[in-house]
Amino acid sequence: SQQGEEDPQALSIQEGENATMNCSYKTSINNLQWYRQNSGRGLVHLILIRSNEREKHSGRLRVTLDTSKKSSSLLITASRAADTASYFCATDETSGSRLTFGEGTQLTVNP
Amino acid sequence: NAGVTQTPKFQVLKTGQSMTLQCAQDMNHNSMYWYRQDPGMGLRLIYYSASEGTTDKGEVPNGYNVSRLNKREFSLRLESAAPSQTSVYFCASNRAGTSGRAGETQYFGPGTRLLVL
């Protein structure tokens, strides 16, 4: 069963625009992570936000976490064509011993 | 550092054939994981090894076996391949260990694309 659910499933924007992806989950977590996957490649870790944090930044990435709503968002500012990829959220559940991945958002940035 | 490496990159099998997917990491990580990725399904955990000498089932272990050969290497074996096992297989590792948290950052290999006819 999937813990995280991303929204939207697909997003197409123009270069320079901001991209926002959302992730909802069902149970209590220790942390939530975002990964990027370029076509035909493995997943690459982007950012980890712990359950006691509300916002975190890394370069052009901004992640928020609302544990009361069990949701997170990933904002990519000033997008570039190279940001075209699938983005996955993954949750570390307090009751579990492993990461649980969502189904991903396919982002296309048009030049 | 090569990070996490996987072999082969691509494999075609006939139903009933067997094969072993190899994974190695050079980051001195304690824990290693095998996932499969299917369209629209995200990643699903097949097996994991929290430390050398231990293995545990994940979400979808049926039809697979694993071996933690040493701290660096974690292999996944399909004894009798079925078309339902057509997928992309990813190996990952992290520092977690048996006393740590499996949910810390994981580092992924490039994947093995498997087609079972």
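Once amide H atoms are placed 1.01 Å from N in the peptide plane, what residues at a sequence separation of 5 or more from A:GLU103, or on another chain, have their amide H within under 5 Å of its amide H?
A:GLU6
For a Förster distance of 35 Å, can you work out the FRET efficiency between the beta-carbons of B:ASP56 and A:LEU75, rounded to the nearest 0.05?
On the way: r = 36 Å, r/R0 = 1.02.
Plugging the Cβ-Cβ distance into 1/(1 + (r/R0)^6) gives 0.45.
With θ set to phi - 60°, apply the Karplus curve 6.51 cos²θ - 1.76 cosθ + 1.60 along the range B:33-44 and write out the HN-Hα couplings as whole Hz, x wherever there is a Gly or Pro.
Going residue by residue, I get 9, 10, 10, 10, 10, 10, x, x, 10, x, 9, 10 Hz, with x marking Gly and Pro.
Arranged by the count of other C-beta atoms within 10 angstrom, fewest first, what order do B:CYS91, B:CYS23 take? Display every interim value, and only then the final one.
Working: B:CYS91 28, B:CYS23 25.
Sorted ascending by nearby Cβ count, the order is B:CYS23, B:CYS91.
Under the Karplus relation 6.51 cos²θ - 1.76 cosθ + 1.60, θ = phi - 60°, what is the ordered set of whole-Hz ³J(HN,Hα) values for the range B:76-91, x standing for Gly and Pro?
10, 10, 9, 6, 9, 5, 10, x, 5, 8, 4, 5, 10, 10, 10, 9
Taking B:LYS57 as the anchor, which aspartates and glutamates have their alpha carbon closer than 20 Å to its alpha carbon, excluding any fewer than eight residues away along the same chain?
A:ASP92, A:GLU93, B:ASP38, B:GLU73, B:GLU79, B:GLU104
Under a point spin-label approximation (7 Å from Cα along Cα-to-Cβ), what is the A:ARG60-A:ASP7 distance to one decimal in nm?
2.6 nm
Go through the range A:63-73 residue by residue and turn each phi into a ³J(HN,Hα) via Karplus (6.51, -1.76, 1.60, θ = phi - 60°); whole Hz please, and just put x for glycine and proline.
In residue order, the calculated couplings are 10, 10, 9, 10, 6, 5, 9, 6, 8, 9, 10 Hz.
PRE reach from A:ASN18 (point 7 Å along Cα→Cβ): which of the range A:59-103 fall under 15 Å by backbone N?
So the set is A:59-65, A:73-80.
Computed from the coordinates by the stated procedures, all read-outs in this text should not be read as laboratory data. Computed from a prediction, not measured in an experiment: that's the story for all the values here. Here the Cβ is made from the backbone with ideal geometry for all residues, glycine too, and neighbour counts use every protein chain on show.
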